[in-house]
Amino acid sequence: MKKLLFILTFSFLASINSFAQLEKEFPIWLAGIWQIQNENGFSYESWEIVSDNFLKGKTFRIFATDTIIFDTMNLKVSENKIIYELTAMSGSKRVFAGYVLNSLTEDVWRFENQITDFPSAIIYQKLSPEKVYVWTESRNKEAICTDFTMIKIK
């Protein structure tokens, strides 16, 4: 009986510690509006806090009085993993895919999907609280991947 109680207590404490670690690692700092400058002007990536472990994002561009949304994203904790969701290409089909956080340092977040062709990975590198470098990778080594720097404006 003592062994069972010890195992249950240890399992419970391990799950609390695991969830506390996820909460610590969850990139709540991404919330806000980020500006991306390119040769055609500015586009934006915004992240809204839905809960402590769920952010809802979108990329968009403003043309005069019109806003065109390019993509919507989710960043959430699911089954004790941090998942980044967005539309991707798998073969010739567009799919809404989940990317699992595979490597994390204090300033680099690498999300990977083993099935999608493009992107196969999305990486955020926090340069400062107001500046983030983002790039994507593709399974097709000949595909053009994207990279850009985002500046927090709000």
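At-a-glance table
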quantity	calculated
Length added when fully stretched, D147-L104, from 0.36 nm per residue minus Cα-Cα	13.6 nm
Selected from F54, I28, V108, residue furthest toward positive end of dipole (the stretch 26-135; charges at beta carbon)	F54
Taking W109, W135 and counting other C-beta atoms within 10 Å, the order from fewest to most	W135, W109
Whole-Hz ³J(HN,Hα) from phi, Karplus 6.51 cos²θ - 1.76 cosθ + 1.60, for the stretch 62-78, glycine and proline x	10, 10, 6, 9, 9, 10, 10, 8, 8, 7, 10, 9, 10, 10, 8, 9, 9
Net charge contributed by nearby residues that have their C-beta within less than 11 Å of I151 (K/R +1, D/E -1)	+1
Sum of side-chain charges, D117 neighbourhood, beta-carbon under 12 Å (Lys, Arg +1; Asp, Glu -1)	+2
Per-selection metrics, the stretch 33-103 (Cα): Rg and Dmax in Å	14.1, 42
Summed side-chain charge close to W34 - residues other than W34 whose Cβ falls under 15 Å, Lys, Arg +1, Asp, Glu -1	+2
Cα radius of gyration and Dmax for the stretch 56-154 (Å)	14.2, 42
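Only the coordinates and a few stated rules stand behind these numbers; no lab work does. From a predicted model like this one, the values you see are computed outputs, not experimental measurements. As a convention, Cβ positions derive from the backbone with ideal geometry for all residues, glycine included, and neighbour counts pool all protein chains shown.
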